Amino acid sequence: MTDSDALLFKKAKGHEAKLAYLGHVLIENRHGLVVTTRFTRVTGRAGVGGRVGNGESDSRPPAGDARCRQALRRKERTALDLRTTRHSGYAVSQRCHKRLEEVFGWLKTVGLLRQTRHRGRDRVGWICTFAVAVYNLVRLRTLRAAAA
């Protein structure tokens, strides 16, 4: 039985397409608590206007091919240059992004959202909101224990 509200979604080129929804969370940066959640249908875009997948292959070249190795080294460099990464705000944004990814990691492992048992956007959205509320309670317990 499939979910008529869910749409096929690929995380990257070369990966399989799965029926999915997109879950969005807004966190406050000081303590890592989730402020609000939103559950939407798949649109083919992730984040704010970002495309899903980069369209490039991750395969490695043969060991003896020097030109391929040089091209791979150029490709592996980050798209961000020193103009962005030299500022202290970049390091802060990286820490905040890590906190955000911790929320999604917890929701998938402990919150049972890797593969839901429910069908329909309303039910799955409710389960997501409930799991986020539990995450906040666990996070509050951890923050209180650290303060004591």
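Where a number appears in this text, it was derived from the coordinates with a stated rule and is not lab data. This is a predicted model, so every value here is computed, not measured. Counting neighbours? That spans all protein chains shown, and the Cβs are built from the backbone with ideal geometry, glycine included.
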Proximal charge balance of T116 [Cβ under 10 Å; K/R count +1, D/E count -1] | +3
Distance in nm between pseudo-label sites at E101 and H87 (7 Å out along the Cβ direction from Cα) | 2.1 nm
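Expected output is a single nm value to one decimal: the length gained when fully extending between A20 and A147, i.e. 0.36 nm times separation in residues minus the C-alpha distance. What is it?
Extra length from A20 to A147 when fully extended: 41.8 nm.
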Fewest to most neighbouring Cβ within 10 Å: what's the order for T2, T37?
-> T2, T37
